[in-house]
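Structure record follows, encoded as C-alpha cells.
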Amino acid sequence: MGKLNSLFDAFLSNLEPETKAVNHAVEAHTYVRGCLQTDCKLAEVITGSFLYGSYRRHTAVGDIKDVDIVILTDLDTTDPDNNPQKVLRRFKAALGECYENPETAYQRRSIRVDEPLPDRDGVELTLDIIPAVVQTTADEPLLVPDRDLKVWIPSHPRGHLKHTTTLNSEECSQGRYVPLVKMMKWWWKYQCEVKQPDVERPKPKGFWVECLTGENFDPTRKEWADHFVAVLTNISLKYFSATTVPSLADPGLPGEIIKTSMSPEEFQVFLDCVNESLALAIVARDETDDLQSSELWRQIFGDKFPLYDSEEAEETRKAASAITLSSISHARIPPWPVKLQQKAKVRLNAYVHPGVGNPSGLNSNGRILQGGLEIKFVASTGCRGEYEVHWQVVNTGEHAKNEGGLRGDFFQGRGRNRQTDPNNPLVNWEITQYTGKHWIECFIVQNGVCVGRSNRFYVNIRNSD
C-alpha cells in the first residue's frame, strides 16, 4: 500500500491551489473587509469580520474561485429599517463604493462581488459578503438575512469551522478528514464533467458533499484508498433504497438540517456515481500491477491523479523541474476559432515504451528521459458527434534548433510506424530526441471550431548522443 499511498499524496498535492491564487484571495478579501469597516454608513454597526466557506475550512479544491466573508454587526433586527432587504441594499451600495466599476449582485443571503481584483488579468475570483447579526457572542449562532423569505434566520458558520477542526484533529483522525473532503469534492467534480457535461450547476453542491463525507467518515482507516472506499461504502449502504433526498444534520445548529434544492432525480444520479466508483475503487485498490491500479484511479479522479512511474523518484522530479523552457516563438497559434466546451475537455495519458520490458506511465513534467525512447500519447474526450483530432508538438532548446527539429505545427496523430493513423486519431507516438523541455497538446475541432484542448504535457529529455 506504500506506493499507492504516495500516489494519493501526490494527488492531494495536485488539488492544492497555487501560491499565486492564494495571494490573490488574501489581497481581495483583505481590501474589501477594510473598505466596509471604514464605510461612513456602516462603520458604526460593524463589529468585526471573519472568513467562512471552503476557502476558510481548507476544503476547497483546485483554483480558488470564491471567498465567503461574514461581516459581524450589532444591528437591531426589530427595527423595520433593518429588515433583510434593506440591509442587503445598504451593503450592496457600500460595496459599490469600494471599486471604480463595481460588479455586484444580490444573492439570497449575501452580496456577490465579481472580479474584486479588476487590475489582475486572468484572475477568476468572486467574493460573497454575508451581513450577520451577533445575538450573544460572535462564537454563538448568528442571524443572517434571507432575502427571499424576508426574515433573519439562524446560522452558525463558526460552528461549521469548529466541526471541521474537530474531525480533522489528531485525536479524531490524525489530520485525515480535510484531505478526504477535498478528495470527495474533486471526485464529484470530475464525475460531473464525465457523466453530465451539459449540466451547468450540477447538484449536490460542495458543502452538501462535505457534510455527507463528515457523516460517513471512518477515522479508524489508515490508508487513503481505504478511506475513500469506506466513505463510498457507507453512503451506498445507507442510501441503497432511498427514494428521497437524505436530510443531513447541520453541524453548526443542533436539530437543523442542511438546506438543499437537490431533487430526488439529481440525488439518484449522484448515488449511481457513488456505486459505480465504489466498484471501480475496490478493483483499483486491490490491483497488484501498480501502473494498472493508477490507471483505474484515473477513471475515478481524472488526470490530477498521477500515473505510477517506477522511475519517477523525488530526485528525478526535482531535476526535471530544473530544466527550463526555451524560446517558443516558433509555436503556431491554433488556426481555428477557440470556443472551449466542458463536454469536449481533453485529457492526456502518456506511456514510455523502452523497447525491452514493460511500458511505464509518464507524468507531465516528470522524470528526465534519455534519447531514443518511444512515447505513446493517448487522448480522451467526451465530445459527441463527428470531430477532428489535431496534435501539436513544440520542441525547445539549442539541440532541437541546431538539428532543425523545433516543430510547432499541427498534425494528425501518428502510429508507431510514424505514419498518420486515421483509424486511431486519439493516439500519437513520438520518439525522444532533443535535449530540453518540450510539450505536446491535443485539440478537438468540430465544425471548424476548436471545442476542446488538453493541457500542455511537458516532456523532459537529456540526450547524451
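The values are calculated or read from the model by the stated rules, or taken from the named source; none is laboratory data. Here the structure is a predicted model, which is why all the values come from computation and not from measurement. Using ideal geometry, Cβ is built from the backbone for each residue, glycine included, and neighbour counts are taken over all protein chains shown. Protein only, heavy atoms only, side chains kept; ligands, DNA and RNA dropped before computing areas. Shrake-Rupley method; radii C 1.70, N 1.55, O 1.52, S 1.80 Å.
Filtering segment 189-203 to residues that are assigned to a loop (DSSP other than H, G, I, E, B), in contact (Cβ under 8 Å) with a residue 60 or more places away in the chain and either closer than 13 Å to Arg384 by Cα or more than 15 Å from the chain's Cα centre (by Cα) (or both) leaves Gln196, Pro197, Asp198, Lys203. Residues of segment 426-465 that are over 16 Å from Leu325 (Cα atoms), among the acidic types (Asp, Glu) and either at pLDDT 95 or above or open to solvent by less than 10 Å² (accessible area, probe 1.4 Å) (or both): Glu430 alone. Selection of first residues in segment 290-308 that are within 12 Å of Leu4 (Cβ to Cβ) and of a type in the set (Asp, Glu) and of second residues that are part of a loop (DSSP other than H, G, I, E, B) and modelled with pLDDT under 95, restricted to Cβ pairs under 7 Å at least 6 apart or on distinct chains, gives the following pairs, ordered by first then second residue: Asp290/Tyr308. Residue pairs whose Cβ atoms lie under 7 Å apart, sitting 6 or more positions apart in sequence or on different chains, and linking a residue in segment 231-255 that is among the charged types (D, E, K, R) to a partner that is part of a loop (DSSP other than H, G, I, E, B) and surrounded by 10 or more Cβ atoms within 10 Å (Cβ to Cβ), are Asp250/Glu256; Asp250/Ile258.
Out of all the residues in segment 353-361, is one or more among the hydrophobic types (A, V, I, L, M, F, W, C) and surrounded by 19 or more Cβ atoms within 10 Å (Cβ to Cβ)? Walk me through it before giving the result.
Looking only at segment 353-361, we keep the residues that are among the hydrophobic types (A, V, I, L, M, F, W, C), and these are 356.
Next, only the ones that are surrounded by 19 or more Cβ atoms within 10 Å (Cβ to Cβ) stay: none.
No; the residues of segment 353-361 include none that is among the hydrophobic types (A, V, I, L, M, F, W, C) and surrounded by 19 or more Cβ atoms within 10 Å (Cβ to Cβ).
One residue stands out in segment 231-247 among those that are buried (at least 19 other Cβ atoms within 10 Å of the Cβ) and of a type in the set (A, V, I, L, M, F, W, C): the one that is farthest from the chain's Cα centre (by Cα), namely Val245.
Selection of first residues in segment 27-52 that are free of Cβ contacts under 8 Å to residues at least 40 places away in the same chain and of second residues that are open to solvent by 30 Å² or more (accessible area, probe 1.4 Å) and in a loop (DSSP other than H, G, I, E, B), restricted to Cβ pairs under 8 Å at least 6 apart or on distinct chains, gives the following pairs, ordered by first then second residue: Gln37/Ala43; Val45/Asp74. What about Gly214, is it outside any loop (DSSP other than H, G, I, E, B), within 27 Å of Val67 (Cα to Cα) and modelled with pLDDT of 95 or more? Considered against the rule, which asks whether it is outside any loop (DSSP other than H, G, I, E, B), within 27 Å of Val67 (Cα to Cα) and modelled with pLDDT of 95 or more, Gly214 comes out as yes.
Is at least one residue of segment 173-186 open to solvent by less than 30 Å² (accessible area, probe 1.4 Å) and out of contact with any helix residue (DSSP H, G or I) (no Cβ under 8 Å at 6 or more places or on another chain)? Yes, segment 173-186 has at least one match. Exactly one residue out of Gly206, Gly255 is of a type outside the set (A, V, I, L, M), at positive phi and either at pLDDT 95 or above or open to solvent by 20 Å² or more (accessible area, probe 1.4 Å) (or both), and it is Gly255. Applying a threshold of 6 Å to beta carbon distances and a minimum spacing of six or more residues, or different chains, the list of pairs starting in segment 410-436 at a residue that is over 20 Å from Glu386 (Cβ atoms) and touching a residue at least 12 places away in the same chain (Cβ under 8 Å) and ending at one that is open to solvent by less than 70 Å² (accessible area, probe 1.4 Å) and among the hydroxyl-bearing types (Ser, Thr, Tyr) reads Gly436/Thr396.
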